[in-house]
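For reference, the structure is listed below as structure tokens.
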Amino acid sequence: MKLNKALVYQQGQLAERSVSVSNDGIVDVSASPVAGVSGHSYLVVPGLVDVHVHLREPGFFYKETIASGTKAAARGGYTTVCAMPNLNPAPDCVEHLQMQLDIIERDAEVWVLPYGCITRGQKGGGELCDYEAMMPYVAGFSDDGKGVQDDDTMREAMKRVKAAGGMIVAHCEDESLLRAGYIHDGEYAKLHGHRGICSESEWKQVERDLQLVRETGCRYHVCHVSTRETVELIRKAKAEGLDVTCETGPHYLTMCDMDLQEDGRFKMNPPIRSAEDQDALVAGLLDGTVDMIATDHAPHSAEEKSRGLEKSLMGVVGLETAFAVLYTGLVKTGKVPLEVILKALTDNPRKRFGLPEVHLESGEAQDFAIFDLDCEYTIDPETFVSMGHATPFAGWQVQGECIYTSVGGEAVWQKK
């Protein structure tokens with residue numbers, strides 16, 4: 001493959017270059033593009049990294065498998081994903097974790113780093129796990145889907161995770177404040193008679209955890225930030241020098257609660273919140289408070305997502321749509337520079353989670369992806385590789401399709 005004129009992203013910068021990809025997946029980047037050549041605006045990037053996905057194996061293979069989920073990741077330009085522990089059995093010990101690792105080794109199309117649980121059974125409380133034993137095999141420790149409710153439990157977890165050299169990756173949700181809600185407690189909920197989830201249920205637990213980080217010195221990462229209060233808390237924590245990072249999702253950056261429809265494909269946890277929250281998240285991305293963008297790819301069966309906003313299960317898919325949605329909704333509209341989006345999808349997650357850097361100019365087998373920025377298409381869940389089809393972006397007209405993904409010199413996705 002020869003791209004005489006392409007945008008190449010490397011170490012925070014975009015430059016126009018000539019790019020060639022050999023049959024064995026080695027990318028070579030020249031110093032300058034071929035003069036006088038015009039054509040499509042191709043973008044060549046180090047492989048995208050998603051630190052928050054649900055691959056559903058072992059235990060829930062009717063929703064997704066590691067094979068289908070990682071193929072979906074490859075189609076979206078991702079070469080590394082970190083898999084959450086909502087599994088059966090939950091990876092709360094080395095023996096349970098090994099079951100997941102065996103499937104990853106057998107079936108994964110991209111690099112997969114699993115998370116270990118914070119608590120036994122991933123219950124958000126009770127007995128803590130043996131972090132030291134699991135540490136060599138995991139990206140960090142999370143009870144994603146369950147906030148750790150008890151202060152003393154989280155304090156002790158942070159102390160032990162720090163001693164093991166790991167990081168707490170926290171789903172922050174104070175269950176005492178949920179009040180049986182299922183979408184954001186905002187204008188849409190009031191207009192349509194739905195029970196709402198208040199913003200405090202997220203930011204109040206973030207506030208607690210940040211105090212525990214002050215006490216323990218544990219490395220700490222906040223999952224799927226959705227509220228303006230959380231953004232401000234993390235901004236202040238970083239200014240204070242705490243070892244804290246966070247992520248948000250494409251749907252929180254590009255939608256607000258007034259974009260909801262009476263359909264389970266708009267239901268996720270935390271919920272899509274207000275326009276003011278959306279603006280605060282974009283501002284946090286621009287000033288570096290929000291470090292990275294993760295999809296929280298959470299596939300369910302069609303039946304589980306067919307019960308409307310109230311009764312459908314929480315979770316939407318996102319690996320195959322993330323880049324195009326971000327490019328179309330934020331970059332093309334002039335809200336966020338492309339470099340900022342790419343930093344949040346590549347450099348920042350690699351640095352925070354200790355992943356190898358990718359140097360595209362080296363002429364070696366690398367993890368990289370190529371996007372056709374001029375390609376316009378309609379998001380159609382029926383074309384997804386993922387077994388999950390529930391997305392709030394169905395029907396969106398977008399630009400920026402992944403046409404090639406390489407992992408370690410092997411093409412794992414190529415548009416036909």
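With respect to the stated conditions, CYS223 fails to be over 17 Å from the mean Cα position of the chain (by Cα) and at pLDDT 95 or above.
Per-residue answers, yes or no, for (1) out of contact with any helix residue (DSSP H, G or I) (no Cβ under 8 Å at 6 or more places or on another chain); (2) farther than 18 Å from CYS172 by Cβ:
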| position | (1), (2) |
| --- | --- |
| ALA83 | no, yes |
| PRO89 | no, yes |
| HIS96 | yes, yes |
| ILE103 | no, yes |
| VAL112 | no, yes |
| GLY116 | no, yes |
| SER142 | yes, no |
| GLY145 | no, no |
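Annotation note: of ASP374, ASP367, the sole residue that is surrounded by fewer than 22 Cβ atoms within 10 Å (Cβ to Cβ) and not hydrophobic (A, V, I, L, M, F, W, C) is ASP374.
A quick yes/no check of all residues on (1) in contact (Cβ under 8 Å) with a residue 40 or more places away in the chain; (2) over 17 Å from ILE118 (Cβ atoms):
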| site | (1), (2) |
| --- | --- |
| ASP144 | yes, no |
| MET167 | yes, no |
| CYS172 | yes, no |
| GLU187 | yes, yes |
| HIS192 | yes, yes |
| GLU207 | no, yes |
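Of the residues GLU173, GLU202, GLU207, the single one that is within 23 Å of the chain's Cα centre (by Cα), in a loop (DSSP other than H, G, I, E, B), modelled with pLDDT of 95 or more and surrounded by 16 or more Cβ atoms within 10 Å (Cβ to Cβ) is GLU173.
The set of residues from segment 261-279 being more than 29 Å from GLU64 (Cα to Cα) and either acidic (Asp, Glu) or crowded, with 24+ Cβ neighbours inside 10 Å (or both) comprises GLU276, ASP277, ASP279. For segment 329-368, taking the residues that are among the hydrophobic types (A, V, I, L, M, F, W, C) and not in a helix (DSSP H, G or I), the one that is modelled with the lowest pLDDT is identified as ALA365.
Is there a residue in segment 245-257 that is assigned to a loop (DSSP other than H, G, I, E, B), under 18 Å from ARG195 (Cα atoms) and either of a type outside the set (A, V, I, L, M) or in contact with a strand residue (DSSP E or B) (Cβ under 9 Å, 6 or more places away or on another chain) (or both)? Yes. With respect to the conditions (1) modelled with pLDDT under 95; (2) closer than 25 Å to LEU355 by Cα; (3) among the polar types (S, T, N, Q), SER41 lacks only one, and its number is (2). Taken over segment 213-230, the criterion of being outside any strand (DSSP E or B) and closer than 20 Å to MET167 by Cβ is satisfied by VAL213, ARG214, GLU215, THR216, GLY217, CYS218, CYS223, HIS224, VAL225, THR230. Condition (residue is at positive phi and surrounded by fewer than 20 Cβ atoms within 10 Å (Cβ to Cβ)) applied to segment 133-147: is it met by at least one residue? Checked segment 133-147: at least one residue is at positive phi and surrounded by fewer than 20 Cβ atoms within 10 Å (Cβ to Cβ). Taken as a whole, the structure leaves PRO89 outside the set of residues that are touching a Pro at 6+ places or on another chain (Cβ under 6 Å) and either surrounded by fewer than 21 Cβ atoms within 10 Å (Cβ to Cβ) or under 20 Å from MET167 (Cα atoms) (or both). The residues of segment 223-243 that are in contact with a Lys or Arg (Cβ under 8 Å, 6 or more places away or on another chain) and buried (at least 23 other Cβ atoms within 10 Å of the Cβ), listed by number, are SER226, THR227.
Take the residues in segment 347-364 that are farther than 17 Å from LEU7 by Cβ and of a type in the set (Asp, Glu), then tell me which one is surrounded by the fewest Cβ atoms within 10 Å (Cβ to Cβ). Applying the filter and picking the extreme gives GLU357.
Yes or no, residue by residue, for (1) over 18 Å from PRO89 (Cα atoms); (2) among the polar types (S, T, N, Q); (3) in a helix (DSSP H, G or I):
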| residue | (1), (2), (3) |
| --- | --- |
| GLY145 | no, no, no |
| GLN149 | yes, yes, no |
| ALA157 | yes, no, yes |
| ALA180 | yes, no, no |
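Look at ALA283 and say whether it is touching a helix residue (DSSP H, G or I) at 6+ places or on another chain (Cβ under 7 Å) and outside any loop (DSSP other than H, G, I, E, B). The answer is no for ALA283.
What's the number of the only condition in (1) more than 30 Å from GLY165 (Cα to Cα); (2) surrounded by fewer than 23 Cβ atoms within 10 Å (Cβ to Cβ); (3) β-branched (Val, Ile, Thr) that ILE197 fails to meet? The one condition ILE197 does not meet is (2). Scanning segment 282-291 for any residue that is more than 26 Å from VAL81 (Cα to Cα) and more than 18 Å from the chain's Cα centre (by Cα) turns up nothing.
The values are calculated or read from the model by the stated rules, or taken from the named source; none is laboratory data. As the structure is a prediction and not an experimental result, all values here were calculated from the model. Note that each Cβ is placed from the backbone with ideal geometry, even for glycine, and that neighbours are counted across all protein chains shown.
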